[in-house]
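Worksheet: the structure to be examined is printed underneath.
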Amino acid sequence: MTTPRPAELSAAEARRIALRAQGFLGTPDRKAGVRGILRHLGAVQLDTISVLARSHELIPYARLGAVGRKTVEDAYWTPPATDGTPSQPHAFEYWSHAACILPVEEWPHFAFRRRAYRARPHWNHELPDGAYDQVIKQLRAEGPLTATELGGAKRTSEWWDWSGTKVAVERALMYGEVVCVTRRGWKRVYDLAERAVPAALLHDELDDAECLRRLVRLAGQSLGVGTRADIADYHRLKGEQVDSVIADSGLVPVTVEGWGKPAWADPAALQAPPRGRHRTTLLSPFDSLVWERARTERVFGFTHRLEAYVPKPKRVYGYFAMPVLAGGRLVGRVDPAREGRTLVAKQVTLDGPKAVPAVARALIEAASWVDCTDVRVERVDAPELREPLAVELARALA
């Protein structure tokens, strides 16, 4: 029996498959709103930076448009029921690509990571005697609490100098005994997993291989098509972990024009060509469409790097440069800020004159979403495009 040749995809086909897999082109879960986007992506990254909004709010905005920010929060974190009894969450926070919001039904498939944390011999913070048991006891008695309410998050003002209580509750989070059930003023609110995770899901019965097969399959579905490194990066697996299960994951081998490396695709993504258009939008630098630099360069021919942690004199595109997605391509970058009700584009990078209308539209829509009534551009990397951009903005704002 001969092995069938892998499907061959052009670079354009791979790009459109990736856009559909990431919720931008004609995906059925768009109608399910924010929760549908979370299930479709499998992971939404969290980050402390808030310029226009926090990254986990920007993810559904990019795909659905002007979703209310409270609507986004309520979709991730189920609010308490009106009769006073707690309702089951739709999501939980855990370590995936980074700190991520994950669909609660995937709790069993992170058992491999919880086991690895429990077996971990070294930690960055020492755990004081008795602190772990005290945190569990307090949560059991008092219900959901922040680290501050548990006794204090820090010993000093330094962000890394955690208190014994914070060390204990974060350790319990990694072990799976405690869950972050929401964020309050960006502070994690912790509760016991036995109360927060539906009973049918609250187990670590799946072996490592089954967990890895599921996460590799999910990564392939969320990417549409990806290399070994792409698939491993999505939930931060090791390359050898991907290798151990990919043959049984349901993904199929493909070749992609110009990629130069073997790739795998979701077979459903190959059955019908992606159709439709997507909205023109700013993307969070932590959006899963662009969060992996090498893949973004390979798929879009676009160099993307978060420079928030780069010393200011060494920044090229700005503190929180947001790629602009238009017409299936990344056509520019905007480094935004807010001054009162003005959205300030501190730095704009355009991929030629054709990108001007798209970038203007993205700026106007983003401004409206965050209740800004004006847009001001401070710097355009190509000076000759500054005036055309100003004209487009003025036309849209008129």
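The values are calculated or read from the model by the stated rules, or taken from the named source; none is laboratory data. Treat the numbers as computed from the prediction; the structure is a model and nothing was measured. Note that we place each Cβ from the backbone using ideal geometry, even for glycine, and neighbour counts take in every protein chain shown. Side chains are part of the model used for accessible areas, which takes the heavy atoms of the whole protein and leaves out ligands, DNA and RNA. Shrake-Rupley method; radii C 1.70, N 1.55, O 1.52, S 1.80 Å.
Residues in the range 336-349 that are surrounded by fewer than 22 Cβ atoms within 10 Å (Cβ to Cβ) and either in contact with a Gly (Cβ under 8 Å, 6 or more places away or on another chain) or aliphatic (A, V, I, L, M) (or both): 4 in all. Only one entry in 18, 32 is outside any strand (DSSP E or B) and at pLDDT 95 or above, namely 18. If you filter the range 291-343 down to residues that are in contact with a Ser or Thr (Cβ under 9 Å, 6 or more places away or on another chain) and of a type in the set (Ser, Thr, Tyr), you find that the one that is nearest to residue 96 (Cα to Cα) is 296. If we scan the range 206-227, do we find a residue that is touching a helix residue (DSSP H, G or I) at 6+ places or on another chain (Cβ under 9 Å), at pLDDT 95 or above, open to solvent by 20 Å² or more (accessible area, probe 1.4 Å) and part of a loop (DSSP other than H, G, I, E, B)? Within the range 206-227 (the criterion being touching a helix residue (DSSP H, G or I) at 6+ places or on another chain (Cβ under 9 Å), at pLDDT 95 or above, open to solvent by 20 Å² or more (accessible area, probe 1.4 Å) and part of a loop (DSSP other than H, G, I, E, B)), the answer is yes, since at least one residue qualifies.
For the range 305-329, the candidate set comprises residues that are within 13 Å of residue 280 (Cα to Cα) and open to solvent by 70 Å² or more (accessible area, probe 1.4 Å); within that set, the residue that is modelled with the highest pLDDT is 329.
Might you let me know whether the range 87-95 holds any residue that is over 20 Å from the mean Cα position of the chain (by Cα) and at pLDDT below 95? Within the range 87-95, one or more residues are over 20 Å from the mean Cα position of the chain (by Cα) and at pLDDT below 95. For the range 337-393, a residue qualifies if it is under 23 Å from residue 66 (Cα atoms) and touching a Lys or Arg at 6+ places or on another chain (Cβ under 6 Å), and the qualifying residues are 337, 342, 344, 372, 373.
Please go through the range 370-398 and give me each residue that is assigned to a strand (DSSP E or B), of a type outside the set (A, V, I, L, M, F, W, C) and open to solvent by less than 80 Å² (accessible area, probe 1.4 Å), ordered by number.
The answer is 374, and nothing else.
Scan the range 47-72 for residues that are in a helix (DSSP H, G or I), open to solvent by 10 Å² or more (accessible area, probe 1.4 Å) and not charged (D, E, K, R) and the total you get is 2. Taking first residues from the range 276-300 that are in contact (Cβ under 8 Å) with a residue 60 or more places away in the chain and partners that are surrounded by 18 or more Cβ atoms within 10 Å (Cβ to Cβ) and hydroxyl-bearing (Ser, Thr, Tyr), the Cβ contacts under 6 Å between residues at least 6 apart in sequence or on separate chains come to 284/55; 286/55. Can you find a residue in the range 233-240 that is open to solvent by less than 50 Å² (accessible area, probe 1.4 Å) and either of a type in the set (Ser, Thr, Tyr) or touching a strand residue (DSSP E or B) at 6+ places or on another chain (Cβ under 8 Å) (or both)? Yes, there is a match, as at least one residue in the range 233-240 is open to solvent by less than 50 Å² (accessible area, probe 1.4 Å) and either of a type in the set (Ser, Thr, Tyr) or touching a strand residue (DSSP E or B) at 6+ places or on another chain (Cβ under 8 Å) (or both). Among the residues that make up the range 254-271, is at least one of them outside any strand (DSSP E or B), within 22 Å of residue 24 (Cα to Cα) and touching a His at 6+ places or on another chain (Cβ under 6 Å)? No, the range 254-271 contains no residue that is outside any strand (DSSP E or B), within 22 Å of residue 24 (Cα to Cα) and touching a His at 6+ places or on another chain (Cβ under 6 Å).
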